Structures are given as structure tokens and as C-alpha cells.
Amino acid sequence: MKTLWQIFGIARTEFRFGLRRGGPVVTTLLIGLTFGAGLLMNPLGNVSIEKDYLRQLLQNTTVIERWAAKGITMDFFHRVSAGSIAGITVTSVPMMWLTLLLTSFLLLPAATAASLPADRKFGMAELLHSMPINGGIYLAGKILGVGMTVMSIGLIPLGLFFGVLEGIFLDAFQVGIPTEMLTFFFKFALLDGLPILGFALTVGILAGSVFHSRRAAVFPGLLAGILSILLWLAAFGVPAQLSGQMDLAAYYLVQNYHSVALDTLDRLTESVPISLLGEGAPVIGIGRVLLMYLILAIILIGLFVLARLWLKWKENF
């Protein structure tokens, strides 16, 4: 319990320092805003078309009366149009996923690599060495603190993304964001976005642990990020058949996305649902996704141990 409180204490201090230093803050905002803007391009380009189609449909009294006889109200067609735009938004993930990966691994490791050298420059390292903690607690607290900073700042572009979508749906279809799409992007943020950002920031911190100068740590952090891109794509990359590329977690989430309104319409019209990934796309089970997380954990633990041994050898900490 004492060890956990020590880790939390270091993390809390690093969280405050991280907000002041600005590196993780700016890079996280840039990553989130770039990815979110890319996801919004497709729905923004198609919402006027879907809105016109809905208007024409609702003006066709014959069609409305025929559906009304089956107990289907006009609100249902609003939800169908919203479900269509929601599906278009979800299919933007394969097109923008590589952008998320590249910006995360090119920006975050370089920004977080200076975390430990900054402590050495401003005398924080000497103070910590005099306290009853070891290098493992120190590294764990730093990673947790920077992770808290990145996650907190990441909520800003996530909130803006949902806010813009809510405005689009209310203006065009008089309904809010479909629940299934809201759930999808929360899952995506937790199950794919968070592992990518967490891996990137951790690699940067550990890569910078061997340097005493912040400037000297930036390029190794960038190099570690580039190597992480190659590793991620080689180990977890799954090419999508329609466009773009994703890793196992993102592919699994897109593969299992379903619109409630569109599924209901398919049942009413006895139509065959269309897969977002295209016909014949391979099916990925949850087991492969869990294996991905296990491999990531093993890699990070291995890097953590190496950094811990380096501190023990060079600084007896």
C-alpha cells in the first residue's frame, strides 16, 4: 500500500508539472483535433444529401401512409437517416486510423522523452534520490502522471467531436447522436485510442530515461516513435478491404458496429444487412484483440525493466 501511495504522489506532481510544461498538452490536443476533424469530413460531406433525401421521403404522402399502416411513424425515418450518417462516420475510422497512429507515435514520444531529463536539469532528481523510494516507483509514477495528463487533455477534443456531431444530427434530423455510435466511439477511445497513446507516451518516457539533456532526448524519443509505428503495423495491422488500415482492436469494433434503426429497416423490408467492412471481410474474434493487449503489456514491461536497470546501474536509484 505504501508503494502505491508513493507512485500516486509522484504521479500527482508530474500531472501538475505536465500541464505547465505544455509538451504533452499541445501534442495531445493536436492529435485529437486532427483525428476528430478527419472523422467529421465524411458525415459533413454527406449530411446535406441525406437531409434532402429525408425531406423528399416525408413529402411523399403515399409512402408515409403505407408505412403508417404498419405502425411506423415519421420519427422512425429521422432515426434511419441519422443511422445512415452515423454509419458513414464509423466508416471514416479506417481512413483516419493511420493518421491517429502516425501523429501519436511521431509527436508523443518526442514530447514525453524530456520528462526525466527535465527532473535532472531542475534538481528534482537529486531530491527524489534522497527520499525512501526507488527507480521503479519513480518510473511508474512518471508514466502514470504523464498518462493522467494525456487522458485529461484528450477529453477536450473528444468532447468537441461529440458536440459537433450532436449539432449536426439535431440540425439535420431533429434527433441526437444514435446511442450505438456514441457507444462505439467511447469504446474506440478506451480500447484503441488509449492503448496507442499510452504506448506512445510510455515509450517516450523510457527512451528518455538514459539522457540528462532534454534536447538530447528528443531525437531518440522520435526514433522510438518511428520504430513503434513499424512494430504496431507489423504485429497488429489489419488492412481493411474498403479503404485505409486499422489494427485488431479498431477492426473488431468496426466489424461489430450495428445501427439499430437501419437493422430495424432491414428487417421490415426483408433486406440483407450490408457490412461496413464490405462483403467477404475476415472476421476477427475478441481473442486476437486480447492477445494484442498481452503483447503490448509484455513489451512495455520489458522496456520498463531495462529502464529500471539503467537507473540502478548509472544512478544507483
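The values are calculated or read from the model by the stated rules, or taken from the named source; none is laboratory data. Just so it is clear, the structure is predicted and the values come from calculations on it, not from any experiment. Methodologically, a virtual Cβ is constructed for each residue, glycine included, from the backbone with ideal geometry; neighbour enumeration extends over all protein chains shown.
From Phe185, Phe173, Phe105, Phe161, grab the single residue that is over 22 Å from Ile205 (Cβ atoms), touching a residue at least 12 places away in the same chain (Cβ under 8 Å), surrounded by 21 or more Cβ atoms within 10 Å (Cβ to Cβ) and touching a helix residue (DSSP H, G or I) at 6+ places or on another chain (Cβ under 7 Å).
Numbers: Phe185 fails: touching a helix residue (DSSP H, G or I) at 6+ places or on another chain (Cβ under 7 Å); Phe105 fails: over 22 Å from Ile205 (Cβ atoms); Phe161 fails: surrounded by 21 or more Cβ atoms within 10 Å (Cβ to Cβ).
Testing whether each residue is over 22 Å from Ile205 (Cβ atoms), touching a residue at least 12 places away in the same chain (Cβ under 8 Å), surrounded by 21 or more Cβ atoms within 10 Å (Cβ to Cβ) and touching a helix residue (DSSP H, G or I) at 6+ places or on another chain (Cβ under 7 Å) leaves just Phe173.
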Checklist entry - Before we move on, is Leu300 surrounded by 15 or more Cβ atoms within 10 Å (Cβ to Cβ), farther than 29 Å from Gly83 by Cα and in contact (Cβ under 8 Å) with a residue 12 or more places away in the chain? => result yes
Checklist entry - Does Glu180 fit the bill of being touching a helix residue (DSSP H, G or I) at 6+ places or on another chain (Cβ under 9 Å), surrounded by fewer than 20 Cβ atoms within 10 Å (Cβ to Cβ) and at pLDDT 90 or above? => result yes
Next on the checklist: For Ile284, only one of the following conditions fails: (1) hydrophobic (A, V, I, L, M, F, W, C); (2) assigned to a helix (DSSP H, G or I); (3) under 29 Å from Val80 (Cα atoms). What is its number?
Outcome noted: (2)
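Can you find even one residue in the range 255-267 that is at pLDDT 90 or above and of a type in the set (D, E, K, R)?
Residues of the range 255-267 that are at pLDDT 90 or above, as a first pass: 255-257.
Still in the running and of a type in the set (D, E, K, R): none.
No, the range 255-267 contains no residue that is at pLDDT 90 or above and of a type in the set (D, E, K, R).
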Item to check | Given (1) touching a residue at least 24 places away in the same chain (Cβ under 8 Å); (2) out of contact with any strand residue (DSSP E or B) (no Cβ under 6 Å at 6 or more places or on another chain); (3) of a type outside the set (Asp, Glu), index of the condition Arg20 fails | outcome: (1)
Next on the checklist: Out of the residues in the range 246-281 meeting the condition of being under 23 Å from the mean Cα position of the chain (by Cα) and in a helix (DSSP H, G or I), tell me which one is surrounded by the fewest Cβ atoms within 10 Å (Cβ to Cβ).
Outcome noted: Gln255
Item to check | 3 or more residues of a type in the set (A, V, I, L, M, F, W, C) and more than 25 Å from His78 (Cα to Cα): qualifying helices (runs of 4 or more DSSP H) within the range 147-239 | outcome: 194-207, 214-236
Checklist entry - So is Val305 within 27 Å of Pro109 (Cβ to Cβ), out of contact with any Asp or Glu (no Cβ under 6 Å at 6 or more places or on another chain) and in contact (Cβ under 8 Å) with a residue 24 or more places away in the chain or not? => result no
